[in-house]
Amino acid sequence: MIDNTRPAPPGTEPEWLRPLLKPDVPARVSSAGYLDVLPDHDVAAPNRSQSLWLSGLGPRIYLSLVQPLVRLVGAPPGPGALASGLRLAPGASVLDVGCGPGVITAGLAEAAGREGRAVGLDVSAPMLRQAAAVARPNMGLVRGDAQDLPFRDAVFDAVCSTAMIMILPDPSAALTEMTRVLRPGGRIAIVVPCRGGGLVGTIGAYAGRFAGGRMFGPDEVAALLEPLGFDLIRSHANDMISTTYARKADA
Ligand SMILES: C[S@@+](CC[C@H](N)C(=O)[O-])C[C@H]1O[C@@H](n2cnc3c(N)ncnc32)[C@H](O)[C@@H]1O
């Protein structure tokens with residue numbers, strides 16, 4: 001029987017992680033303990049923000065500057081709110097796409113309980129090394145691309161992605177992939193920066209444009225999810241952040 005309660009020894013991945021991958025995906029384990037499914041050469045960054053997240057300074061700048069600032073002015077949902085919006089029950093499996101330094105993944109792992117599992121996927125090795133430092137025993141990490149997820153179909157009960165799809169050249173491709181790996185009846189949570197009003201919204205829009213990220217309209221993610229077969233879609237937005245929860249309709 002698979003034991004989720006003890007951490008994998010340093011430099012190894014949890015034994016339950018590899019079976020979630022598609023059979024044809026070659027994966028090697030990194031010294032930090034995440035599974036790497038991408039080729040060795042550097043991944044191209046589509047914009048300024050992603051150049052930063054791929055760099056060695058990315059995790060430190062994100063944790064000490066960007067995340068506190070966004071929390072202060074944008075009030076994005078934390079892991080507790082996300083777990084509740086995803087209806088994460090003990091024993092559930094959850095995927096965090098673009099997990100960055102793993103703060104949210106670790107919170108979701110706690111919400112999923114000893115019998116549950118949380119997987120954080122990111123394209124940035126420095127971010128994953130930081131995530132490995134806060135990993136919980138029931139947490140696995142994968143270096144991969146959100147637009148071509150390495151997982152089998154319908155292996156997760158819930159999928160979460162915060163502050164990630166706006167960086168991508170094609171957010172719809174990533175949403176399609178997240179839908180594929182989610183089981184019917186499973187829940188998704190997508191958090192993005194949005195075009196709000198007021199001073200906060202204006203400053204956020206300039207910062208977003210400088211970073212090269214896309215700003216979404218308050219209901220834009222909902223409109224992207226509907227044709228992918230989601231129901232029970234609900235979005236709420238403030239001047240800076242839009243959060244959308246939805247359920248993948250039963251087959
Ligand atoms: C702004 S950070 C957000 C981190 C985390 N989700 C959070 O909210 O704290 C965006 C993350 O998305 C990752 N990312 C960007 N493009 C990606 C891609 N194509 N596939 C996987 N991760 C990606 C970046 O490396 C970075 O760690």
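Listed values, structure above:
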item: Under 14 Å, Cβ to Cβ, from Gly100 - net charge with Lys/Arg +1 and Asp/Glu -1; result: +2
item: Footprinting exposure proxy for Tyr206, Tyr245 (fewest neighbouring C-beta atoms within 10 Å first); result: Tyr206, Tyr245
item: Ascending count of other beta-carbon atoms within 10 Å, so fewest first, for Asp36, Asp96; result: Asp36, Asp96
item: Length released on extending from Arg180 to Leu72, taking residue separation times 0.36 nm less the Cα-Cα span; result: 35.5 nm
item: Amide H contacts of Leu86 (H built 1.01 Å from N, under 5 Å, at least 5 apart or other chain); result: none
item: About the Cα centre, charge dipole magnitude for segment 201-247 (Lys/Arg +1, Asp/Glu -1 at Cβ), debye; result: 140
item: Size of charge dipole - the chain - debye, nearest 20, with Cβ of Lys, Arg +1 and Asp, Glu -1, no other charges; result: 440
item: Column: log10 I(q)/I(0), Debye, Cα scatterers of the chain, q = 0.07 Å⁻¹; result: -0.21
item: DSSP bridge orientation in the chain - percent antiparallel, rounded to nearest 5; result: 40
item: Neighbour-count order for Asp157, Asp145, fewest beta carbons within 10 angstrom listed first; result: Asp145, Asp157
item: Per-residue HN-Hα couplings for segment 119-131 [Karplus 6.51, -1.76, 1.60; θ = phi - 60°; Hz; x = Gly/Pro]; result: 10, x, 10, 8, 8, 9, 5, x, 4, 5, 5, 5, 4
item: For Asp96, residues with placed amide H under 5 Å, excluding near neighbours; result: Val119, Gly120, Leu121, Cys160
item: Listed residue (Gly33, Met178, Gly113) projecting farthest to the positive dipole end of the chain, Cβ model; result: Gly113
item: Net charge, Cys160 excluded, C-beta distance under 10 Å - Lys, Arg +1, Asp, Glu -1; result: 0
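No lab work stands behind these numbers, since they all come straight from the coordinates. Being a predicted model, the structure only gives us computed values, none of them experimental. Neighbour counts are summed over all protein chains in view; Cβ atoms, including those assigned to glycine, are modelled from backbone coordinates with ideal geometry.
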